[in-house]
Each structure stands twice: as structure tokens, then as C-alpha cells.
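Trainee: This structure is in C-alpha cells; I'll ask about it shortly.
Derivation of every value follows stated rules applied to the coordinates shown; laboratory data play no part. Computed from a predicted structure; not experimentally measured. So basically every Cβ, Gly included, is an ideal-geometry build from the backbone, and we count neighbours across all protein chains shown.
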Amino acid sequence: MTIWRLITEEIRFRRLGFASGVLSILVATGCLIAAMTLLRTHDTRAERMLAERERATREEMERLEDDYRRIMRDLGHNVLVIHQDQDLSELQALGHPRLTMPEAYAHRLGLHGSKTLNHLLPVLQHRATWPERGVEILLSGTPGQIPVVGRERFLAADGMTYRNPIIRALPPGMVRIGHSLARRFDLKPGDTTTLNGEDLRVEQVLPQEGSIADIAVWVDLDRAQSWLGLEGKINGILGLECICRVDALGVVDKDVRSILPDVQVLEFSSRVTARALARQRAGQAHAKALEAEAAHQETMRRERRLFAAVLVPLAVAVALIWIFMLTLGNVRERRGEIGILRALGVGQGAIMMVFLLKAVLMGGIGAVLGLVAGIVVTGLWGGIPPDDPEFWPHIQPGLVMAALLIAPALCALAAWLPAVRAAAEDPAVVLRDWS
Amino acid sequence: MNTATVELTGVSKTYQGSRSAAVAALCDFSLRVESGSFVVLQGPSGCGKTTLLLMVGGLLSPDQGMVRVRGQDLAALSAEGRAAFRARTIGFVFQQFHLIPYLTALDNVLAPALAVGGAGLRQRAEESITRLGLSDRRDHLPGELSSGERQRVALARALLHQPALILADEPTGNLDEESAMAVLGHLRAYAREGGAVLMATHRTDVSADVLVRLRSGATVTDHE
Ligand SMILES: Nc1ncnc2c1ncn2[C@@H]1O[C@H](COP(=O)(O)OP(=O)(O)O)[C@@H](O)[C@H]1O
Ligand SMILES: [Mg+2]
């Protein structure tokens, strides 16, 4: 016969009481583990959700940007950088700048990382005659967009060409034809035509614009320069999709002229600016929606924390009070037994131990079952299934260890006073009461 | 003069009632119980028999006088010391049996091992159960036993450590005549084998080696 056997036999005899004690600890530990773990899984889910939204928003913004870029290309260009001394009425009359600048200007603007211009397109445009057809054309050459330092996000892997250019570079041997010319000579993409004695393939027919652009013939810059006898020269830099605010021009002008002192900057369509503004607004609205969502998540999180902060201590308190009452009742019920054990020579320490060990056992078993229950609850309601590799890291080993150690200790504490009372029972009184 | 198993000299005990007057349960009481003798305390209810047994068992301290068991002055021991001494030296039998309800008959008999362990206790318990005619009851809970069987289990428990002294308080009080006779027979046999038995009863028909008649205050001792 040992104290241990006495305890286990008594537990077997009064299963219900013991089970209710275990249950109370199970609930308390389960609440603790589930609350702490659920808080973490909720955080993870909120993070995932926000990241997903952010990604969706970013994608949508990118799509939106592409749309606007296309719209802006169709509408025209935001700014045009031309020679400082170019007379503007002359520009109007000619349909192109007369004065030229070194081609290197465009590269300098790109290399210095213009703050306001995302896309740079050097052009050389000049009225000329199509000798083979005998008509006046606006001969236009461009090397395609040149990279701008700081805007590498627009570039392809080679770091030189644009991933999604607003105006594609023309491969040598290709030609892009303005709307009127194409109509007049019945030219379609894929046709071959001769210009200055060279056979060129029509790459694209440009949409009608109702301007001099309708008689434009676009070729690569080198070809245009050599035909016009203007090697190494351009007469304009189109600043496409500039970082547009309503008062953009002054800022762009300052920015560009800090790099190229002898140029002037002209603004193009104001509709473009309006669109850019709209796009900016859309971006802001998205950002605000995201912020609101994040704030909402934060509020929910705080509410859940508050709930856990109330629920867990409450469950623990109820469990400990229950263990206290249970042990007190157990001591009352077992007064006769305590009396006879004392008469048989069992010491007071051993009597205390009988009740304390029983409480520790309740705490230990309850904690283990509560841990399992907490994990099951998290698996069911945490939103992250247990087969997700991220599920198990949410269960903090420290918390588990603490629960498994602290639950029995707290139970022993709750049972302490009743156990002391049991040890203090006077066997002389008890045995008399019972006989 | 050789040492008596129990030696009471001038023992008095007065209960300080919490809400009533003090009750003098025993007054200047002296008694010797020699080993191998069956001593019966006989007297009406309330004359102090239980009080006396509790004092001999070291569960109650006298106000005056000395209690020696096998030469040991119980007052000289600490509470834990008395418990250890009691575990080895004294067996108890009560009117209400005081069996532990969730232990089988065998485990109840082995309960004294909680205080003092030892080799061969289980075998002794089983022998004892057999001798008391309970072999087919050893795995039953007290609730499943008759009163007579319960008291025999209690007796077997008292005998486990083969104590020098058995204190029996009204052991037949809740038993039918046949069971009572059986229990008395076992107690008498234990005394005959060399143990001392001090039994309290209000029965007047019990034969004893020494019969102590207690009345309020006065004591008459008969030796047979
Ligand atoms: N705790 C107590 N407080 C007051 N009086 C008590 C107490 N215990 C016993 N008594 C009184 O002491 C007397 C002796 O009691 P007891 O030893 O139980 O007698 P018996 O066992 O012979 O019936 C009785 O009058 C009883 O009422
Ligand atoms: Mg009595």
C-alpha cells in the first residue's frame, strides 16, 4: 500500500469529481492555448489577406498605368524638349522644330536621371519629299526610347530596352506610315515600299490624327539623319508620361534645364494631365482602401486580444476556484478516512500530500487534454489547416511548456488550504464524531 | 517490576465545552494492562471509555497524569513521534469500523503500511484475512460487506503490524450476536498469544482477564 495507490483508488472510486476537476483545467488550458494560438493564426491570416490585397491593388494599378500609357500615347506626348532659340510660331507653321540639338542631349537627360520624365524619345523630324512618290512628307526618325537612370523598373532584363515601350523602336528596314499617306498610296502593314531608293517594309499604319502627323513617315534615327544630312542631330526630345501634377510644367522645365541649359520645354495636351491626375487619384483611393482595411484588421485584432485577455484569466480563475471547492468538498467527505489514517499513524505531511498530489494530477491531465483541445480548436477555427506548414509554428513551445508546468502548480496552490485543513483535522474529534 | 504494556497513573481529562460547562470525563484514573491480558472497560455511555482509549492511543492528551505504553511516556513524544509510535505499537478497532470505502478488504487490511512499510506485509495480510474467514471477500469494497465482515476486516487491519496493544472501542456495538462473539473470540485469542487488548464496551456479559467498571468518577476493578 502506497500513498500513490491510495490516490489512484480514490480517484477511481470518485471519478466524477476528479473528471470535473480535470474538465475545468482542460477548459482553462484549452482557452489559453486556443486564444494565444488563434490570435497568432488570425494575425497570419490578416497579413496574408493584406498582402494579397496589396498585390491585387498593385497589379490593378499596373494595369491601369498601362492603360493610361496607351491612352497618352494615342493622345500625344506630355512635353517636348526643343532648342532654346526655337521660335514657337515657326514651330507651329512648320509642324516641327527647325533648330537641332546634339543627339547626345537625349542620352544626357537619361544618364542624369531626370526626376520628372519617365520615358525619353529622341526624334528628328523634318519636312521632306518622298522622291519615288513625289509628295511632301514629315520624315521622322527615332531610335526608340532611351533608358532613364532611376527608371530601371520599366526596362527589360538587358537594362537597355523598354519592357513595355510607349513607342516601339523601329527595326532597320521597317517604316511606319501616317494615316493620309497610307490611304493615298494604299499601303498596309506588310507591304513593301521604296523610299530614297531603299526597299522598306510597312510595319504599321498610324491612326488618323487630323494633323501633320498624318503625313509622317517614321524610320530609324540613323537613316533619317543620313537622308537629311543631319548626322548626330535631333530636333526634339519627347518626354512621355512625365510625372504629372497640375503645375507640372514649371517643375519639369526646371528639372530638364538643370541638365540641359540651352533647351526649352513645351507642354502638350492638358487632357493628358487630367488623365494623369485621375490616375493619381485612383492610386490614392486604392491606398486609402488598403489603409482602411489594415486599420479594420488592427481593430479586430485588438478586440480579439481584449476578449482573450478577459476570457483566459476568467477560465483560469473559475478552474482554480473549482479545484479549491472540489478539494474542500473532498476533504469534508473524507474526514473519517483522515481520522483513521491518522490513528493508523499516517503523518500530517502525508495527509496533505494525498490532496495536493490529487490536485496536481488533475492539473497535469487537464493541461495535457486542454493542450490537445486547444490545438484542435485552432485547427478547426484558426483558418489555417493543420496540414499547412505554417500551422505548427503558431503553437509556441514556450506557452505549451508553461501551461503544462503551471497548471499543476496552480492546482496544488488552489488545493493548498483544503489540504492544510485536512492535515489539521484532529483525529480524536473526527473518530468520535464518526462513532 | 516488569514493564506493563499500558500504564496510566492519575490521569484526568476535562472537556472544555465551547458553549456549555466543562465536562470531567475522567478523574485521577490509574490502570495497568499487562501483555497477554484481555482488559475490558465496562460502563454506561458517557462514562469516559472512548476518552480513555484515545488517550492511551496518543490521540488525546490528558490534562493530568501520565500515559505510558510499553514504557514510553506519550507526552514526551512530538505529534509525529506519537504517530510513528502508534503505527508500530497500537492497533485500533472501532464500533463504526472506519474502513476506507474505496479500498478492497485486502487493501484496507494493508492500510497501516501507509505509515510503516515492511517486507512480507501483503502475505501477512492475506493470512490474516484467511484466518478471519474472509478469503472470498478480500477483493470486495467495504460497502459490499456485512457488518460482521467489515469488523473482521478492521480487526485484520489492526493486527497487520502485530502490535503490542489493541485498543477496541465498542467493537461489537454494531454487530449481531454471532459476529460479536466471533470478534470477541479473535480479540481474546490475540491476548492469549501474548498481545494486550484493551476493550471498551457497555455490554455487561463480557468475560475478561481484568474487568474495569467505570462509573461517573468512581472506578471498580475486578480481576478474574
Ligand atoms: N469534545 C467534547 N467536548 C465536550 N464534552 C465531551 C467531548 N467529548 C466527550 N465529551 C463528554 O465526555 C464524556 C465522556 O465521553 P466518552 O469518552 O465518549 O464516553 P463513552 O465512550 O464512555 O461513552 C461524555 O459526557 C461526553 O459527553
Ligand atoms: Mg464511546
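Trainee: Within the set of pairs 6 or more residues apart or between chains, which connect a residue that is without any contact (Cβ under 8 Å) to a residue 12 or more places away in the chain inside region A:381-394 to a residue that is part of a helix (DSSP H, G or I) and surrounded by 13 or more Cβ atoms within 10 Å (Cβ to Cβ) with Cβ atoms less than 7 Å apart?
Mentor: A:Pro385/A:Gly379; A:Pro386/A:Gly379
Trainee: Of A:Leu314, A:Leu357, A:Leu306, A:Leu341, which residue is within 14 Å of chain B (Cβ to nearest Cβ), part of a helix (DSSP H, G or I) and without any contact (Cβ under 8 Å) to a residue 40 or more places away in the chain?
Mentor: Going through A:Leu314, A:Leu357, A:Leu306, A:Leu341 in turn, just one is within 14 Å of chain B (Cβ to nearest Cβ), part of a helix (DSSP H, G or I) and without any contact (Cβ under 8 Å) to a residue 40 or more places away in the chain: A:Leu341.
Trainee: Inside region B:86-117, can you point out the residues that are farther than 12 Å from B:Leu160 by Cα, more than 8 Å from chain A (Cβ to nearest Cβ) and assigned to a helix (DSSP H, G or I)?
Mentor: If the condition is that a residue be farther than 12 Å from B:Leu160 by Cα, more than 8 Å from chain A (Cβ to nearest Cβ) and assigned to a helix (DSSP H, G or I), then B:Ala105 is the only one that fits.
Trainee: Given B:Thr51, B:Thr9, which one is over 24 Å from A:Glu425 (Cβ atoms), outside any loop (DSSP other than H, G, I, E, B) and without any contact (Cβ under 8 Å) to a residue 60 or more places away in the chain?
Mentor: B:Thr9
Trainee: Quick test of your reading of the structure: B:Val39 fulfils all but one of (1) closer than 30 Å to B:Asp139 by Cβ; (2) more than 8 Å from chain A (Cβ to nearest Cβ); (3) part of a strand (DSSP E or B). Name the failing condition by number.
Mentor: The one condition B:Val39 does not meet is (1).
To keep it simple, each residue is scored yes or no on (1) surrounded by 18 or more Cβ atoms within 10 Å (Cβ to Cβ); (2) more than 14 Å from chain B (Cβ to nearest Cβ); (3) not aromatic (Phe, Trp, Tyr).
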position	(1), (2), (3)
A:Val376	no, yes, yes
A:Pro389	no, yes, yes
A:Pro393	no, yes, yes
A:Pro408	yes, yes, yes
A:Glu425	yes, no, yes
A:Arg432	no, no, yes
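Trainee: Look through A:Trp227, A:Trp218 and report the one residue that is buried (at least 20 other Cβ atoms within 10 Å of the Cβ) and of a type in the set (Phe, Trp, Tyr).
Mentor: Sole residue among the options that is buried (at least 20 other Cβ atoms within 10 Å of the Cβ) and of a type in the set (Phe, Trp, Tyr): A:Trp218.
Trainee: Being away from ligand 1 (no atom under 12 Å from the Cβ), within 13 Å of chain A (Cβ to nearest Cβ) and in contact with a strand residue (DSSP E or B) (Cβ under 7 Å, 6 or more places away or on another chain) narrows it down to one of B:Gly48, B:Gly57, B:Gly65, so name that one.
Mentor: The unique qualifying residue is B:Gly57.
Trainee: Go through region B:84-110 and give me each residue that's surrounded by fewer than 24 Cβ atoms within 10 Å (Cβ to Cβ), under 25 Å from B:Val33 (Cβ atoms) and away from ligand 2 (no atom under 16 Å from the Cβ).
Mentor: Listed by number, the residues that qualify are B:Ala84, B:Phe85, B:Ala87, B:Arg88, B:Thr89.
Trainee: From the list A:Leu404, A:Leu380, A:Leu399, A:Leu431, exactly one residue is under 24 Å from A:Phe324 (Cβ atoms) and in a helix (DSSP H, G or I). Which is it?
Mentor: Of A:Leu404, A:Leu380, A:Leu399, A:Leu431, the one residue that is under 24 Å from A:Phe324 (Cβ atoms) and in a helix (DSSP H, G or I) is A:Leu404.
Trainee: Taking the criterion of being in contact with a Lys or Arg (Cβ under 8 Å, 6 or more places away or on another chain), part of a loop (DSSP other than H, G, I, E, B), over 17 Å from B:Thr5 (Cβ atoms) and within 16 Å of ligand 2 (Cβ to nearest atom), would at least one residue in region B:63-72 satisfy it?
Mentor: No, region B:63-72 has no match at all.
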